[in-house]
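Comments concern the structure below.
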Amino acid sequence: MTAARFFLTVVVLSYAISISLGAAFFTGDEGQLPPTYVPSGKQMYKQFCAACHGPDGKGHGPATPTLARRAPDLTTLAKRHDGKFPADYVTTVLRFGPGFSAHGSSEMPVWGPIFQYIENYNEAAVRQRIKNLCDYLDSLQER
């Protein structure tokens, strides 16, 4: 693992942990999120994905210079899968990591365990996070 990849991984994981810890210390009643709150796919994309994949999903995020390989263009997922958004594939990649070269490099964090930690291992909330993110990615597809 190169120093740049290691640094990027540490930054992303630190960011995710700091967000979850910040939520744990929030004690005010005004604006407090309900225990079952799961952010929208758009919110999570901005928070976890845009640094590499870019705000538009085309793979031109500000962190791309530190990557060994360019982040994939997420707006062409359906195009690359015979015109149908590959929800099962995307769910698997988010949950367990790329694991195969068709996705791109293994620099992408495995979000399943991060979401589990953020959600205190609430499996329904983790599934909802991944669904929301998949739905948002589906909305970005070039049609």
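The values are calculated or read from the model by the stated rules, or taken from the named source; none is laboratory data. On a predicted model such as this, the values are computed, not experimentally measured, just so you know. Backbone-built Cβ (ideal geometry, glycine too); neighbour counts: all protein chains shown.
Quickly run through segment 127-140 and pick out the residues that are over 11 Å from Ala87 (Cβ atoms) and surrounded by fewer than 17 Cβ atoms within 10 Å (Cβ to Cβ). Within segment 127-140, Arg127, Ser139 qualify. Lys46 passes every criterion in (1) at pLDDT 95 or above; (2) surrounded by 13 or more Cβ atoms within 10 Å (Cβ to Cβ); (3) assigned to a loop (DSSP other than H, G, I, E, B) apart from (3).
Count of segment 105-126 residues, restricted to those that are in a loop (DSSP other than H, G, I, E, B) and on the phi < 0 side of the Ramachandran plot, is 8.
For segment 20-41, the criterion of being in contact with a helix residue (DSSP H, G or I) (Cβ under 8 Å, 6 or more places away or on another chain), at pLDDT 95 or above and part of a helix (DSSP H, G or I) is met by at least one residue.
Please tell me if Arg129 is modelled with pLDDT of 95 or more and within 15 Å of the chain's Cα centre (by Cα). Spelling it out, Arg129 is indeed modelled with pLDDT of 95 or more and within 15 Å of the chain's Cα centre (by Cα). For Val93, the conditions (1) under 15 Å from Asp138 (Cα atoms); (2) surrounded by 12 or more Cβ atoms within 10 Å (Cβ to Cβ); (3) modelled with pLDDT of 95 or more are fulfilled apart from (3). The listed residues are Lys58, Lys79, and the only one of them that is surrounded by fewer than 19 Cβ atoms within 10 Å (Cβ to Cβ), modelled with pLDDT of 90 or more and in contact with a helix residue (DSSP H, G or I) (Cβ under 7 Å, 6 or more places away or on another chain) turns out to be Lys58.
Taking the criterion of being within 15 Å of Cys134 (Cα to Cα) and outside any helix (DSSP H, G or I), the residues of segment 82-94 that qualify are Lys84, Phe85, Pro86.
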